[in-house]
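To start, the structure itself, in structure tokens.
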Amino acid sequence: MESIIMRRFTDGDSVERLTTFLHRAYADHAAAGLVFFASYQTPEDTRHRLDKGECWIALEQGTIIGSVTVTGTHDTPPGYPALSDAGSFWQLAVDPAQRGTGLGHRLLTLAESRIAALGASKAVIDTSSQAADLIAWYERHGYTSIGTWKWDVTNYDSVVLAKNLVP
């Protein structure tokens, strides 16, 4: 893990490389029939999502092996069960070869610290209601379910999870 560099995604980084990485990181979900947006989004979609927050990447020998995009308090669609003082993160992704190494936890910790630094006292995330492993992972890291949501770019209902960032 010492050889891993975590830094902000910059204009000099390749959106195409990030998109390819996201496809690889979410491929197992797609193979299981869960159409996570990251499993099929275009580079233009990736750019649009990058423009909505801060994207952080984990690199090992110049190769993207992890990423997460964060924002402070933000607008949500009407009816989305987010809290008014909550920031969010999305597309937290770890290269399949890096799973179980603690990289996901490092990216989650980074996301939470950036959300707090951006002025939010809570973090909100949503994931497939069918992804029991992901829901359990978030719960082990202090997240609790606060509702459900259906995005028009997925084929499943999402569980919305939240965590207080301020003790």
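Only one entry of T20, T73 meets the criterion of being closer than 30 Å to N164 by Cα and either in contact with a strand residue (DSSP E or B) (Cβ under 8 Å, 6 or more places away or on another chain) or modelled with pLDDT of 90 or more (or both), and that entry is T73. Looking at A132, is it farther than 17 Å from E54 by Cα and surrounded by fewer than 16 Cβ atoms within 10 Å (Cβ to Cβ)? Yes.
For region 114-151, a residue qualifies if it is under 17 Å from H74 (Cβ atoms), without any contact (Cβ under 8 Å) to a residue 60 or more places away in the chain and either in contact with a Ser or Thr (Cβ under 6 Å, 6 or more places away or on another chain) or polar (S, T, N, Q) (or both), and the qualifying residues are A120, S121, V124, D126.
A111 meets the conditions (1) open to solvent by 50 Å² or more (accessible area, probe 1.4 Å); (2) touching a Phe, Trp or Tyr at 6+ places or on another chain (Cβ under 6 Å) in every case but one. The failed one is (1).
Residues that are more than 25 Å from R8 (Cβ to Cβ) and among the β-branched types (V, I, T) were ranked within region 111-167; the one that is modelled with the lowest pLDDT is V153. The residues in region 44-76 that are in contact with a helix residue (DSSP H, G or I) (Cβ under 8 Å, 6 or more places away or on another chain) and basic (K, R) can be counted, and the count is 1.
The values are calculated or read from the model by the stated rules, or taken from the named source; none is laboratory data. A quick note: this is a predicted structure, and the numbers were derived from the prediction, not measured. Note: ideal-geometry Cβ built from the backbone for every residue, glycine included; neighbour counts use all protein chains shown. To get the accessible areas, we keep the full protein, side chains included, count just its heavy atoms, and leave off ligands, DNA and RNA. Shrake-Rupley method; radii C 1.70, N 1.55, O 1.52, S 1.80 Å.
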